[in-house]
Amino acid sequence: MESVNSRVAVYPGSFDPITMGHIDLIERALTIFDRVIVAVANNPRKNPLFPTDMRERLIRESVARFDRVEVTTFSGLLVEHMEQLGVRVLIRGRRALSDFGYEFQFSHMNKRMSPGIETVFLMTSERYFYISSSIIKEVVRFGGDVSGLVPPPVESALKSKFGKNSIKTKG
Ligand code: COA
């Protein structure tokens, strides 16, 4: 269990893969919290491109320069994982208004299951407002360039995944 004075937050997601939008959020969360634990959901419902251990490895490589960031993986309910970690603050990054509907459901349901949990929302920086892991995968799949939108280890992993098989459109 964390000490009372230690400000720790969990930042959960599928991170399939982690993008610069996520990194930007982690960096900003570090200005508020002493420690940020990135929690990678083993979320088979989303049919991930990268298996959980690969997503975790890509995050570790991408956050190596931050010494107050840890990475964990979990299956099942997020609130149960947070209880195991002894952390009660949850960070959610939000982009557009359309994110808010789901977010109300998500935060209220989590609170109903674990009343001690508080959700802190951080707005995604305007530079990354339009990206998501899915759109990144789609662009690379069709041979497009995502440099600057994902950390270098992710760019390499995407290239080796789609490299030869990326679908180039004609003229
Ligand atoms: N910059 C760029 N993209 C961002 C972003 C940011 N700051 N914040 C979110 N996104 C993207 C994500 O990459 C994701 O893209 P994708 O749908 O193409 O994969 C999309 O926005 C949605 O993000 P999010 O709402 O965080 O979904 P997620 O799948 O990444 O994470 C879990 C959802 C894993 C946190 C949630 O499903 C969970 O907790 N699951 C465990 C089971 C559970 O407890 N359920 C809750 C019941 S109330």
The stretch 59-95: trypsin sites (Lys or Arg not before Pro) in DSSP coil with no more than 11 other Cβ atoms inside 10 Å: Arg65
Using a 1.4 Å probe, how large is the accessible area of Ser156, given in Å² and rounded to the nearest 10? 70
P(r) of the stretch 1-107 over all Cα-Cα pairs, binned every 5 Å from zero, in whole percent: 2, 11, 23, 24, 24, 12, 3, 1
Compute the accessible area per residue over the chain, keeping the other protein chains in place, probe 1.4 Å, unit Å². 57
At 0.36 nm per residue, and after removing the present C-alpha to C-alpha distance, how many nm does the segment from Ser156 to Tyr130 gain when stretched out fully? 7.2 nm
Subtract the Cα-Cα distance of Glu61 and Thr119 from 0.36 nm times their separation in residues, and report this length gain in nm to one decimal. 18.2 nm
Just reorder Glu27, Glu138, Glu56 by solvent-accessible area, largest first, 1.4 Å probe, all chains present. Glu138, Glu27, Glu56
Report Lys111's accessible area, 1.4 Å probe, all protein chains in place, as a number in Å² to the nearest 10. 70
Over the Cα atoms of the stretch 55-171, what radius of gyration and what Dmax do you get, in Å? 17.4, 56
Based on a Kirkwood Rh over C-alpha pairs, give the Stokes-Einstein translational diffusion coefficient of the stretch 38-99 at 10 °C and viscosity 1.306 mPa s in µm²/s. 120
Which order do Met20, Met123 take by accessible area at a 1.4 Å probe, largest first? Met123, Met20
Taking the full set of protein chains and a 1.4 angstrom probe, give the accessible area of Leu85 in square angstrom, rounded to the nearest 10. 50
With everything on Cα atoms, drop me the angle between helix 152-162 and the longest principal axis of the chain, reported from 0 to 90° to the nearest 10. 50
Tilt relative to the chain, helix 99-113 - C-alpha long axis, 0 to 90 degrees, to 10: 40
Show Tyr130, Tyr11, Tyr102 ordered by accessible area, largest first, where the area counts protein heavy atoms only and the probe is 1.4 Å. Tyr130, Tyr102, Tyr11
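The values are calculated or read from the model by the stated rules, or taken from the named source; none is laboratory data. What you see is a predicted model; the values in this text were computed from it and never measured. Cβ atoms come from the backbone with ideal geometry, glycine included; neighbour counts cover every protein chain shown. Side chains are part of the model used for accessible areas, which takes the heavy atoms of the whole protein and leaves out ligands, DNA and RNA. Shrake-Rupley method; radii C 1.70, N 1.55, O 1.52, S 1.80 Å.
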